[in-house]
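The next block holds one structure in the form of structure tokens; read it before the comments.
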Amino acid sequence: MMSKCRFEGQIENYLLKRLEGTQKEEFEEHYFNCASCFQRLRERDLLIRIVKSRGPALVAEGDRAGRPGRVLWRPAPRTLAAAAAGLVLVLAALILVPRFRGTTPEFVLTGDGTVRGGTIAVVAPAGELPEPPASFEWQPAGSDLEFRVYLFQSDVVWTAATRSNSIALPDEIRRRLADGGEYSWQVKAFAPQGGLTAVSDRVRFQVKPAR
Amino acid sequence: MKRKQDELDLDEMVARYRPIVGFRVKRAFGPANPDWEDIVNEILADVIVKIRNGEFEGRSTIGTFIYTIASRRIVDYIRLKTKHLRYAPEPPPLPDPQELAELGENAERLARAIDKLKPRFKEVLYLYYFQELSREEVARRLGLTPRRVSERVNYDHKLLRKLLQQEDFFQLSGSRPTKVRKTENDE
Ligand SMILES: [Zn+2]
């Protein structure tokens, strides 16, 4: 019988990249030494990967199964205040959440002598949008950098470079984005010699015209 | 417990640590990087050489010894790779059907089992793992108590464990199937 290991609570945090530095290293060293945690780690990893690969389809299923008009979440808040708080959170989540943390190149490993790449914070677009975005925008990330933007669907759909911290989308691409499909985008910064210096998360978005 | 090199069965050690080293390397490289398998082999070969040279003195566990070698190799690889990253092929974006296919039939079975869950269990999985909200955030979003959210997540985990043990996913040994309590899903 396996007893509960004190690291067990870290499994999810590790898989969801919520551990950093020493905490992350400690947990990694631990699962090299703890068969129970490693087993759970693999199981949980599989579950998370399946959920990630299913995406919003996982919860949209109910709609197709003959419950037209069902909203994705029908919060049942007990009070009006809770409803308001919930709404704020939903909005915050829509703005902040739909990112693929998992796809950010992982040269941000900490530790002795590890290369630490920077991250670029994206501004927009993210989440569900009423209309195709006119541009991609991110936080300025230093001077004398070239930014390369990638738009993905099942593959790279479009890519372009700029020295500014935003880039306009060609009309042709905007028309394509109106198809309602799920897209994601990412920006990378390169130093003058061509070395990669920083990368953003890959951010998801989807155009869903308001009805 | 003191262990010496000659007490270690190297084949057994490699068989035991290959999945662990593989997990660690894939985690560091990202799932789309095909180099992981070569690096895992290099790490294990290096471990064997070091053990044969008497570098494993039993001051740490063998797990920590291998972890240290693996971590160093990963750092070296990454340092080399970042110099060429600009020209490296783009990793495919998630969700990646190919990746799921690689997880094999068992993963498909598990995916189907997840699909069959009642919506409230799926919602929790979606918010918790896809959107990566905290338990508290999921609770607020669904108008539940955090405790209730934990119950649903735990239910999902138990179901998963039960399935995995039935299917013998990872050649689990000596663990008995966990009973999935039929509570909330039957309300
Ligand atoms: Zn443990």
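When you go through (1) surrounded by fewer than 17 Cβ atoms within 10 Å (Cβ to Cβ); (2) of a type outside the set (S, T, N, Q); (3) modelled with pLDDT of 90 or more one by one for B:L125, which number turns out not to apply?
Checking B:L125 against (1) surrounded by fewer than 17 Cβ atoms within 10 Å (Cβ to Cβ); (2) of a type outside the set (S, T, N, Q); (3) modelled with pLDDT of 90 or more, the one that fails is (1).
Go through region A:1-24 and give me each residue that's open to solvent by 60 Å² or more (accessible area, probe 1.4 Å) and assigned to a helix (DSSP H, G or I).
Matches in region A:1-24: A:T22, A:Q23.
Residues that are open to solvent by 40 Å² or more (accessible area, probe 1.4 Å), of a type in the set (V, I, T) and more than 26 Å from A:K52 (Cβ to Cβ), at least 1 per element: which strands (runs of 3 or more DSSP E) completely within region A:155-211 meet that?
Working: elements: A:156-162, A:166-168, A:182-190, A:196-200, A:202-207.
Filter on region A:155-211 gives A:196-200.
Would you check which residues across region A:1-26 are within 13 Å of the ligand (Cβ to nearest atom) and within 23 Å of the chain's Cα centre (by Cα) and list them?
Within region A:1-26, A:G9, A:Q10, A:I11, A:Y14 meet the criteria.
Being open to solvent by 60 Å² or more (accessible area, probe 1.4 Å), in contact (Cβ under 8 Å) with a residue 40 or more places away in the chain and either more than 12 Å from chain A (Cβ to nearest Cβ) or part of a helix (DSSP H, G or I) (or both), is that true of even one residue in region B:44-63?
yes
Taking region A:35-45 on its own, how many of its residues are within 8 Å of another protein chain (Cβ to nearest Cβ), within 10 Å of the ligand (Cβ to nearest atom) and touching a residue at least 12 places away in the same chain (Cβ under 8 Å)?
1
Among the residues in region A:5-21, are any hydroxyl-bearing (S, T, Y), out of contact with any helix residue (DSSP H, G or I) (no Cβ under 9 Å at 6 or more places or on another chain) and modelled with pLDDT of 90 or more?
no
Looking at region A:140-151, is at least one residue assigned to a strand (DSSP E or B) and either over 26 Å from B:L80 (Cα atoms) or touching an Asp or Glu at 6+ places or on another chain (Cβ under 7 Å) (or both)?
Yes, some residue in region A:140-151 is assigned to a strand (DSSP E or B) and either over 26 Å from B:L80 (Cα atoms) or touching an Asp or Glu at 6+ places or on another chain (Cβ under 7 Å) (or both).
The values are calculated or read from the model by the stated rules, or taken from the named source; none is laboratory data. Model, not experiment: these values are computed from the prediction. With ideal geometry, Cβ positions are generated from the backbone for all residues, glycine too; neighbour counts draw on all protein chains shown. Note: areas computed on protein heavy atoms with side chains; ligands, DNA, RNA excluded. Shrake-Rupley method; radii C 1.70, N 1.55, O 1.52, S 1.80 Å.
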